Structures are given as structure tokens and as C-alpha cells.
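What follows is one structure encoded as C-alpha cells, with my remarks underneath.
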Amino acid sequence: MDLPLNQDLLCQRWVHSREEDSATETVYRPADYPLPPARGRSGVEFKADGTFKRIGIGPTDVSQVREGTWEIDPSHPDQIHVEIAGQDNVLKVQDLTQDRLTIQKS
């Protein structure tokens, strides 16, 4: 993906659709997307104000949320820098549409 990311599409809650993952990509769908039932699903949420949430699956299937910030890398417009608790991670977006977000696996 060489074009700048569409922040209007990006800014929402995305749920991991592990059924669609490949060896090189992690696939997310919007939170209201009709995914098959699962015991728990992780996810991410990008907000327009630059805040970020990583939603994990806890030991009792209750979500564990870690909050941080995000910004698009101006020199690499397909990369998102996410900082949580002082740790910087880079998410390389392979695809972003209204109903699908695909991140390159590291």
C-alpha cells in the first residue's frame, strides 16, 4: 500500500479475524462485522484524537485493554507508529478498506 492511509476508514474498533490470517498478514474486521462465533477475539481501536487501544483476551475471556497513542509515519504513509507504555511498535498496513484492515506480520 503506497497511498496515504484513509484515517476516516482507520478510526474505528477492529476485531481480529484469525480465520482469514495468512503466513504474512493479520486480518481485522470492523467490530460490527458478522464474524463466526469465537471464544474470544482480540482487536485494536484507533481514535481520531490519536489515542489507541489494544484489546487482548484475558485468562477468563474478559478483555484486557492497553491504551496508548498512534500516528501515521509521514515518511512512510502505510506505517502506523503505536506507543503503549513507552514501547513503540510499527504496524505496516497492507490493505485498508471499509470492512478490512490487513497488517503485515513482523
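Residue-wise test of (1) surrounded by 14 or more Cβ atoms within 10 Å (Cβ to Cβ); (2) without any contact (Cβ under 8 Å) to a residue 24 or more places away in the chain.
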{"residue": "Tyr33", "(1), (2)": "no, no"}
{"residue": "Arg41", "(1), (2)": "yes, no"}
{"residue": "Phe52", "(1), (2)": "yes, no"}
{"residue": "Ile84", "(1), (2)": "yes, no"}
{"residue": "Lys92", "(1), (2)": "yes, yes"}
{"residue": "Lys105", "(1), (2)": "no, no"}
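Residues of the stretch 1-16 that are polar (S, T, N, Q) and touching a residue at least 40 places away in the same chain (Cβ under 8 Å): Asn6, Gln7.
Okay, residues lined up against (1) at pLDDT 95 or above; (2) in a strand (DSSP E or B); (3) within 17 Å of Thr102 (Cα to Cα); (4) of a type outside the set (Lys, Arg):
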{"position": "Asp2", "(1), (2), (3), (4)": "no, no, yes, yes"}
{"position": "Ala23", "(1), (2), (3), (4)": "yes, no, yes, yes"}
{"position": "Tyr33", "(1), (2), (3), (4)": "yes, no, yes, yes"}
{"position": "Pro36", "(1), (2), (3), (4)": "no, no, no, yes"}
{"position": "Gln64", "(1), (2), (3), (4)": "no, yes, no, yes"}
{"position": "Glu67", "(1), (2), (3), (4)": "yes, yes, no, yes"}
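The values are calculated or read from the model by the stated rules, or taken from the named source; none is laboratory data. Worth saying up front: this structure is predicted, and the values here are computed from it rather than measured. Here Cβ is always computed from backbone atoms with ideal geometry, including for glycine, and neighbour counts include all displayed protein chains.
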